[in-house]
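As structure tokens, the structure follows; a few thoughts come after it.
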Amino acid sequence: MEKKKSVHHNSKNKKMRPKLRFRVGAVVTIFILSFALCFTIFMVMANSDDSFLEREVGTIESVSEDENNEVSQSSKSINENSDESAIPSAGKTNPVPQSELYDDLYLEGCSLVTDVTLAGMKGKAFTEDNLFGGEGINLSNVMTEKQESRFGTLSAYEIIKQKKPSVLYLMFGSELEKEPADSMIEKYTNFINSILSAVPDVNIYVMQYPPVLYDSDTLTNDMVNDYNNRLLTMCNTLGIHCIDTNTPLKSEVGKLNEDYWSYETLTLSEKGYDKVKEYILTHVAS
């Protein structure tokens, strides 16, 4: 009968595998010792250098202040950009701030296109060859209505195309009592864009409309103020200058100063024109 073979495992050949045991107490002890070491180093540095603690705290405060300033500047930028009428494009400041006083020679190099509002300045502040428009000219027909000039019988727009002035002033608003302001602004914008296309190097100043002497059923100073605000926004959008020729003509009650009105011509008086001229010469953009 065949004997069964038995296999014996030698216990000495058994290898004991090391067991990894997680000891919470050891971790806590290491953490406490590390903290104590860092704290000891910090205290030694603070005691040996009186300005050490001040520098460390100051650095933290400085970082905090820088972060707050960045947030503040960002908020300021957002708030400013939300008001289009406050920030003009192309780096221009509107309304044009006060400048040094320019002499009359400055106006000899400027042209003015206007409706009846400033037509009386022809031959005074602006020469015969530099003022175009006048009675019967408005935003609706300034591109087409013909008038005599040294360039021939042309519209004010066609004259400007021929003349190519370096500086151009514009004053329109006489139809405000019978036409909506938004419609006028649309025509004004088209007129200016046409000029800029024809004479791209021209420096344009849009002049805000003067106040009225008395409010009427068809025209009030509130309407004028609203129109002028729209002119300011238009200029900022187009990247051109806007000059506040309304405020210097006002009385203390916010209406046209009676000294600047002529009851004979029903237009601005000579003093009124002189005031506009003075304002132009002291508000030239740099």
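The values are calculated or read from the model by the stated rules, or taken from the named source; none is laboratory data. Since we're looking at a predicted model, the values are computed, not measured. Heads up, the Cβs are rebuilt from the backbone with ideal geometry, glycines too, and the neighbour counts pull from every protein chain shown.
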**Asked** Could you say which residue among V253, V224 is in the same structural domain as S140 (by TED's automatic domain parsing) and under 23 Å from the mean Cα position of the chain (by Cα)?
**Response** V224
**Asked** Are any of the residues in segment 176-195 touching a Phe, Trp or Tyr at 6+ places or on another chain (Cβ under 8 Å), touching a residue at least 60 places away in the same chain (Cβ under 8 Å) and either assigned by TED's automatic domain parsing to the domain that holds G120 or of a type in the set (K, R) (or both)?
**Response** no
**Asked** What tally of residues in segment 265-282 results from selecting those that are surrounded by fewer than 20 Cβ atoms within 10 Å (Cβ to Cβ) and in contact with a strand residue (DSSP E or B) (Cβ under 7 Å, 6 or more places away or on another chain)?
**Response** 1
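When segment 227-250 is examined, which residues are found to be more than 13 Å from the chain's Cα centre (by Cα) and closer than 19 Å to P180 by Cα? Spell out the reasoning first.
The initial filter retains those residues of segment 227-250 that are more than 13 Å from the chain's Cα centre (by Cα), namely 227-231, 243-250.
Of everything in segment 227-250, those that are more than 13 Å from the chain's Cα centre (by Cα) and closer than 19 Å to P180 by Cα turn out to be Y227, N228, N229, R230, L231.
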**Asked** Do we find that S262 is loosely packed, with under 14 Cβ neighbours inside 10 Å, out of contact with any Asp or Glu (no Cβ under 7 Å at 6 or more places or on another chain), within 18 Å of S174 (Cβ to Cβ) and among the polar types (S, T, N, Q) in this structure?
**Response** no
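Can Y263 be described as on the phi < 0 side of the Ramachandran plot, in the same structural domain as E135 (by TED's automatic domain parsing) and touching a residue at least 40 places away in the same chain (Cβ under 8 Å)? It would help to see each step written out before you state the result.
Details: on the phi < 0 side of the Ramachandran plot: yes; in the same structural domain as E135 (by TED's automatic domain parsing): yes; touching a residue at least 40 places away in the same chain (Cβ under 8 Å): no.
Answer is no for this residue.
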**Request:** Go through segment 148-181 and give me each residue that's crowded, with 20+ Cβ neighbours inside 10 Å and at positive phi.
**Result:** G173
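Residues checked against (1) at pLDDT 95 or above; (2) out of contact with any helix residue (DSSP H, G or I) (no Cβ under 8 Å at 6 or more places or on another chain); (3) of a type in the set (S, T, Y):
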| site | (1), (2), (3) |
| --- | --- |
| N141 | yes, yes, no |
| F151 | no, no, no |
| I159 | yes, yes, no |
| Y169 | yes, no, yes |
| F172 | yes, no, no |
| P180 | yes, yes, no |
| N190 | yes, yes, no |
**Prompt:** When segment 102-123 is examined, which residues are found to be buried (at least 23 other Cβ atoms within 10 Å of the Cβ) and assigned to a helix (DSSP H, G or I)?
**Reply:** L118, M121
**Request:** Identify, by number, the condition in (1) touching a Lys or Arg at 6+ places or on another chain (Cβ under 7 Å); (2) loosely packed, with under 14 Cβ neighbours inside 10 Å that V253 doesn't meet.
**Result:** (1)
**Message:** Looking at segment 202-215, can you tell me whether even one residue there is surrounded by 13 or more Cβ atoms within 10 Å (Cβ to Cβ) and over 22 Å from G134 (Cα atoms)?
**Reply:** yes
